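Let me begin by presenting the structure, written as structure tokens, before commenting on it.
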């Protein structure tokens, strides 16, 4: 059964999944609900981010492009509700909600891995076309300290990067994604869950 995004039921069920998956200790695989929850918590606690983003207004969406060979068979949208240094929430959301974000940054799993490993600065990646931005680049550039701090927080949270997963862990990553897709995103999984 697919839950309706934006409802209390969706949020309660999503939090229940996060709680269950977070029973295992980190490191978590990047862009899974438990990793996203840890990222959210780290942003909320980060005083450097709060100061750097005190003038920021708008949602930021990290769009991860599909990579079926690595266990991601659909577009994944991580919606960050950010306002004046506060992180209201970070959630994996359905495509319709992801596309409604104020700023949408799109990239492949490989590009997001480079960002997470600090091999690619996200703002420079947007300026170089390595990451695609839907939204006003000058606004992002004016908030470069906040954007860089989000990248740093992501790296500090750490985790397992999907492109680096050994082949025997990819089916589990696919299973996590397929479960998420069907229950919370309204997407019928192309590959049956394991």
Take the range 135-168 and flag every residue that is over 15 Å from the mean Cα position of the chain (by Cα), over 24 Å from residue 103 (Cα atoms) and in contact (Cβ under 8 Å) with a residue 40 or more places away in the chain.
163, 164, 165
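May I ask you to verify whether residue 9 is farther than 30 Å from residue 123 by Cα, free of Cβ contacts under 8 Å to residues at least 60 places away in the same chain and either over 18 Å from the mean Cα position of the chain (by Cα) or surrounded by fewer than 19 Cβ atoms within 10 Å (Cβ to Cβ) (or both)?
Answer is yes for this residue.
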Apart from one, (1) surrounded by 15 or more Cβ atoms within 10 Å (Cβ to Cβ); (2) in contact (Cβ under 8 Å) with a residue 12 or more places away in the chain; (3) farther than 30 Å from residue 4 by Cβ all hold for residue 92; the odd one out is (3)
Taking the range 113-132 on its own, how many of its residues are crowded, with 18+ Cβ neighbours inside 10 Å and touching a strand residue (DSSP E or B) at 6+ places or on another chain (Cβ under 6 Å)?
2
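Read-outs throughout are calculated quantities, based only on the coordinates presented, and are distinct from any laboratory measurement. Nothing here was measured: the structure is a model prediction, and the numbers come from that model. A quick note on method: Cβ atoms are made from the backbone with ideal geometry, for glycine too, and the neighbour counts reach across all protein chains shown.
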